[in-house]
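The values are calculated or read from the model by the stated rules, or taken from the named source; none is laboratory data. Source: prediction; values computed, not measured. Here Cβ is always computed from backbone atoms with ideal geometry, including for glycine, and neighbour counts include all displayed protein chains. Accessible surface is based on the protein model in full, side chains and every heavy atom, while ligands, DNA and RNA are left aside. Shrake-Rupley method; radii C 1.70, N 1.55, O 1.52, S 1.80 Å.
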Amino acid sequence: KCFPSEHYGGMYIPNWAMWFIVELKSYLSRTNDASLINLAKDKVYGVIEFFKDFENEHGLLEDLQSWGFIEWSICNNGEYIKGVNFPSNMIYAHALSIAGEIYNDDSLIEKAKKLKETIYNMAFNGEFFADNAVRVDGKLIRQDNHVSETCQYYALFTNVISDKEYINKMITEFGPTRDENSYKEIGRSNVFIGNYLRFLWLLNIGEKRRILDESTDYFYQMANKT
């Protein structure tokens, strides 16, 4: 039990257990406190063991149970979530890599590397990452009509792609201030967690000035009203 957050109906968000692992590394980097990391080891490996039951023949998580939460936007539409959801798999690979790093487990690091390569090959259509793939006659088919802005931020934040042209496009042509008429086919990100994920990614690559400019433009009106 996890009082008081236990859901009466047994609902849970599988993706958020992955973020717990990601946050452990953040905590360690800020505090250098390895004691909490060591205390969490059994729980982390328990999370990893739990997800093994959902891995398909490609090592991708497929048909996760309960509430798969990506963010409050079109990318959380049931049609975008079902089957193999690529943002979920991106953060899964990232969590595996981090667990391998903080617990010196090379097998997890190697598994994460292979999973990221699989995600790139299956999800990237040459221009953007699709949100999911579903089974058609037993074969996984990428849904190229399901492309969200937030999925791109998951890919960037988890280092699934490092192509400079793609990165520059995401920096300059997307974000909370992008023109409403640009890339209409790509569902816009919401505040939680898409645009926050964008800011974290921009921070990681040293784009501090852009974060300040975008966040001021994005949040100032709300701050002014309150």
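The heavy atoms of Asp53 offer some 140 square angstrom of accessible surface to a 1.4 angstrom probe.
Couplings 3J(HN,Hα) of the stretch 124-130, computed from phi: 7, 9, x, 10, 9, 8, 7 Hz, in residue order, whole Hz [Karplus 6.51 cos²θ - 1.76 cosθ + 1.60, θ = phi - 60°; x for Gly and Pro].
At most 15 other Cβ atoms within 10 Å plus a DSSP loop assignment makes a site exposed; report the longest stretch of the chain without any exposed trypsin sites (Lys or Arg not before Pro).
It runs 2-183.
Net charge in the neighbourhood of Glu207 (other residues with Cβ under 13 Å of its Cβ; Lys, Arg +1, Asp, Glu -1) is +2. Considering only alpha-carbon pairs that sit under 8 angstrom and 6 or more positions apart, the relative contact order computed for the chain is 17 percent.
Counting only residues at least eight positions apart within a chain, or on another chain, the lysines with an alpha carbon under 25 Å from that of Lys114 are Lys25, Lys41, Lys43, Lys52, Lys82, Lys139, Lys164.
Quick check on the stretch 106-153: take the gyration tensor over C-alpha atoms, sort the square-rooted eigenvalues as a ≥ b ≥ c, and tell me if it's rounded (a/c under 1.5), prolate or oblate. The partial results should precede the final answer.
Working: a/c = 2.67, a/b = 1.40, b/c = 1.91.
Here the stretch 106-153 falls in the oblate category.
Take the alpha carbon atoms of the stretch 187-226, find their center, do the same for the stretch 26-50, and report the distance between the two centers in whole angstrom. Rounded to whole Å, the Cα centres lie 28 Å apart. Summing +1 for each Lys or Arg and -1 for each Asp or Glu among the other residues whose beta-carbon sits under 13 angstrom from that of Ile81 gives -4.
Just add up the charged neighbours of Glu55: K/R +1, D/E -1, any other residue whose Cβ is under 13 Å from the Cβ of Glu55. Display every interim value, and only then the final one.
Values: positive: Lys52, Lys111, Lys114; negative: Glu49, Asp53, Glu57, Glu62, Asp63.
It works out to a net charge of -2.
Here the Karplus curve 6.51 cos²θ - 1.76 cosθ + 1.60, taken at θ = phi - 60°, turns the phi angles of the stretch 86-96 into couplings of 6, x, 4, 6, 5, 6, 5, 4, 5, 5, 4 Hz, with x standing for Gly and Pro.
The loop-placed GluC sites (Glu not before Pro) in the stretch 5-78, going by DSSP, that have at most 16 neighbouring Cβ atoms within 10 Å of their Cβ come out as Glu6, Glu57. Given the options Asp137, Asp106, Asp213, which has the most mean-square fluctuation in a GNM of the chain, springs set between C-alpha atoms less than 10 angstrom apart? Judging by the Gaussian network model, the answer is Asp137.
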